[in-house]
Amino acid sequence: MIQHGQFIMGPEVFELEEQLASYTNVKHCITCANGTDALQIALMAAGVGIGDIVITTSFSFFATAEVIPLVGATPYFCDINADTYNLCTKSLEAAICNSLKLKGKLKAVIVPDMFGMPADYKNIKSLCEQHNLILIEDAAQSFGASIDGKKCGSFGDISTTSFFPAKPLGCFGDGGAIFTDNDVFAQICRSIRIHGQGSNKYDNIRVGLNSRLDTIQAAVLLEKLTIFDDELKMRENIARRYIDTLKDKYVVPSISDDSISSAWAQFSIRAKNEPREKIRKILQQSSVGSAIYYPTPLNRTKPMEHYPSEKTPNADKVCDEVISIPMYPFLTKEQQNKVIATLIE
Ligand SMILES: *Cc1c(COP(=O)(O)O)cnc(C)c1O
């Protein structure tokens, strides 16, 4: 319960930042108004702007790419792996190489962890180091996931997440956070989220945003954090059951090795033999919810189609075939049975 009137930047905000930093084992956590602002602030803090190129994948929520032109930079799209939905390192290598022929300076890569699964950071990190690129991890869907016990939100030079209600750690409205071990980036992010604030409220030292996390959302998140690991386990159990029962008829998410754990923000499948529309119709007739994340590759959306891109056959295919089925920690056994029976029928 909140017993004070500090609706903006109240003590719960700072308490939450401390807990999230410790949860991810990252030095600094800076909360903000939403996951899209988190990405924008990360780019601004990294000094990305006009004349710069930022590589990202062609398969994500629009915000992952949207922030790039928003700060004046040029997005460059690469393809994904069809089995993980995450960035394809071969395509990233090609994009790095081909971007050299373009006007502008390649500066950063934004990597989303799709549907909760961490991307291939071992290879992505080494490519970024080799080419002196800032790595930004978009962990909006993967908060709580990990590789070898290292949590998502800790893989980028700057990482971001979202607390939108449908994300693994959701609040009761909009919310987001930025994570970094870099003291300078952290200080700039803190300044940008409050109008480029300097040493005090009326000392504005740069152009920033109004992007604070509401105290009331921080209080909600502090409570939800206490059951978050239990919720992740519940999601994991449902995912295992879906994989076991559906893998013969559907392409199910592949977990490349045991060291990787997903936050299972979504559970997405592709039919091996049937058209998507037929499957969706059957699900609808049985009142089983389904959704399409995402119908269009980012490089084929109206605002993005004129930006440079590698060929993206995997993103194209996935957008035509993918279906997300109910995934929520408190999905009952009966509800799971109904989803499975309907899909196998
Ligand atoms: C939800 C989401 C965002 C944006 O988060 P908001 O809090 O809705 O602004 C960014 N990237 C990805 C991958 C997302 O899923």
**Item:** Restraint check, Lys167/Lys333; Lys27/Lys122; Lys27/Lys103, Cα-Cα greater than 29 Å
**Value:** Lys27/Lys103
**Complete:** Distance in Å, no decimals, from the C-alpha centre of segment 31-88 to the one of segment 221-264 is 26
**Fill in**
Regression test value, accessible area per residue of segment 137-207, probe 1.4 Å, units Å², expected 41
**Asked** Counting pairs of alpha carbon atoms under 8 Å apart in space and at least six apart in sequence, what relative contact order in percent does the chain give?
**Response** 22
**Complete:** So Ala291 and Ile227, fully extended at 0.36 nm per residue minus their Cα-Cα distance, gain in nm 20.4 nm
**Prompt:** Ignoring any ligand, DNA or RNA, what whole percent of the accessible area of the chain comes from carbon and sulfur when the probe is 1.4 angstrom?
**Reply:** 52
**Asked** Taking amide H positions as placed 1.01 Å from N in the peptide plane, with prolines and chain starts having none, which residues 5 or more places from Ile134, or on another chain, fall under 5 Å of its amide H?
**Response** Ala108, Val109
**Request:** Would you please classify the overall shape of segment 267-345 from the alpha carbon gyration tensor, given that a ≥ b ≥ c denote the square roots of the eigenvalues, rounded means a/c under 1.5, and beyond that prolate means a/b larger than b/c while oblate covers the rest?
**Result:** prolate
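The values are calculated or read from the model by the stated rules, or taken from the named source; none is laboratory data. Please read these numbers as outputs of a predicted model, since none were measured by experiment. The area values use the complete protein model at the heavy-atom level, side chains included, leaving out ligands, DNA and RNA. Shrake-Rupley method; radii C 1.70, N 1.55, O 1.52, S 1.80 Å.
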